[in-house]
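The structure appears below as structure tokens.
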Amino acid sequence: MTASLPTRDAIVATAHESIARGSKSFAAASLLFDPQTRQRAWLLYAWCRRCDDIADGQDHGHGMSPVENAPARLAELSAKTEAALAGRVVGDPAFDALRIVAAETRLPPAFARDLIAGFALDAEEWRPATEDDLYRYCYHVAGVVGCMMAVVMGVPPEDEATLDRACDLGMAFQLANIARDVREDAEAGRCYLPAAWLAEVGLTEATLLEPGNRAALARLGARLAEKAAAFEASARGGTPALSFRSAWAVLAAAAIYGAIGREVAARGERAWDRRVSTSGTQKLGFIARAGREAARRQDLYADVVRPAGLWRRPN
């Protein structure tokens, strides 16, 4: 007798568990979506999280350590992703979650492949030489996730302007994460600070964690936070194209992740003594404020012009 396949409800339940374990910030913001969008956001998150965990040898984003079989891991997640995009049952709930999202929305397969390309950069132990390199990496691992989330929220794949703003939000998130995780990344053998930036303050990848270099590293943390804030501000200009509840979720997430970057900058040399996070009370405050902003999004953000010099995703 052939075993029955997991139902959509079962896969959604597994995805919900994944987001609850992997990202309290995203989990909180996702509750603001309408029920259908919320479920699809969970499904998309589950696939992204699973790909990240396979690539980095993590468990729901925790415990990153150097991996010895990166090419094999990349081949696995790429093959499972292609199967899901083709509509085939994979047998892994996270990849079947992608199968469901792709079937229920007009999700461009190129977006999923762009994310896989970001994991390939890590598998190659790639390092950014320039600021543009940093942005290209951020696009592949987070900016394109913003684009996919926009499609999940009902933005047509042809609406390039709104997708640009969605990408900006993903860029802001990733830059804040890089600022927060400098020490953790370095201990796992990774560095996402551009070599050109390191050289400007007299650091190298090998020396950036030395205690005597904290002041120089703090300048780079503040620089990342400043860049994140620019992308975050631009992203808000995309919210008038969204429904109230989707705009509410986006603005809440922007505030929560924005606070991480701002706290890294505020802590200065002590930014990496303990992991920067936002408390439950802070999240509730950001969510309440985001609701008020979402209700006035046309007045607040319809005229926000995307800066001409701000890095733009490839398309």
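The values are calculated or read from the model by the stated rules, or taken from the named source; none is laboratory data. This structure is a prediction, so every number in the text was calculated from the model and none was measured. Cβ coordinates were reconstructed from backbone atoms using ideal geometry, including for glycine residues, and neighbour counts include every protein chain displayed. Protein only, heavy atoms only, side chains kept; ligands, DNA and RNA dropped before computing areas. Shrake-Rupley method; radii C 1.70, N 1.55, O 1.52, S 1.80 Å.
The table below lists the values:
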| item | result |
| --- | --- |
| Solvent-accessible area, 1.4 Å probe, carbon plus sulfur percent, for the range 178-315 | 52 |
| The chain - mean residue ellipticity at 222 nm from DSSP helices (-39,500 (n - 2.57) per run, n ≥ 4, rounded to 500) | -21000 deg cm²/dmol |
| Residues listed by number, the range 91-125, amide nitrogen under 16 Å from GLU76 label point at 7 Å toward C-beta | 91-96, 119-120, 123 |
| Distance between the range 96-129 and the range 140-212 - C-alpha centres, whole angstrom | 15 |
| Lys, Arg +1 and Asp, Glu -1 on Cβ, resulting dipole of the range 251-315 about Cα centre, debye, nearest 20 | 140 |
| Only Lys, Arg (+1) and Asp, Glu (-1) charged, at Cβ; the range 134-198 dipole about Cα centre in debye | 220 |
| Computed accessible area, LEU85, all protein chains, 1.4 angstrom probe, square angstrom | 40 |
| Dipole in debye (nearest 20) - the chain, about Cα centre, beta carbon charges: Lys, Arg +1; Asp, Glu -1 | 1000 |
| Global geometry of the range 88-164, whether rounded, prolate or oblate, following the gyration tensor of its Cα atoms and the 1.5 cut on a/c | oblate |
| R0 of 22 Å, Cβ-Cβ distance ALA86-ASN315: FRET efficiency to nearest 0.05 | 0.40 |
| Solvent-accessible area per residue, Å², over the chain with all protein chains present [probe radius 1.4 Å] | 44 |
| Prolate/oblate/rounded label for the range 156-228 (Cα gyration tensor, a/c 1.5) | prolate |
| Where labels lie 7 Å past Cα in the beta-carbon direction, separation of THR204 and GLN282 in nm | 3.5 |
| Loop trypsin sites (Lys or Arg not before Pro), the range 276-311 (other Cβ atoms within 10 Å of the site Cβ: 15 or fewer; DSSP) | ARG296 |
| Filtered chymotrypsin sites (Phe, Trp or Tyr not before Pro), the range 121-169: DSSP coil and at most 16 other beta carbons within 10 Å | TRP126 |
| Global form of the range 198-315, assessed from the alpha-carbon gyration tensor, a/c cut-off 1.5 | oblate |
| Efficiency of FRET from Cβ geometry, GLU17 and ALA129, R₀ 51 Å, rounded to 0.05 | 0.80 |
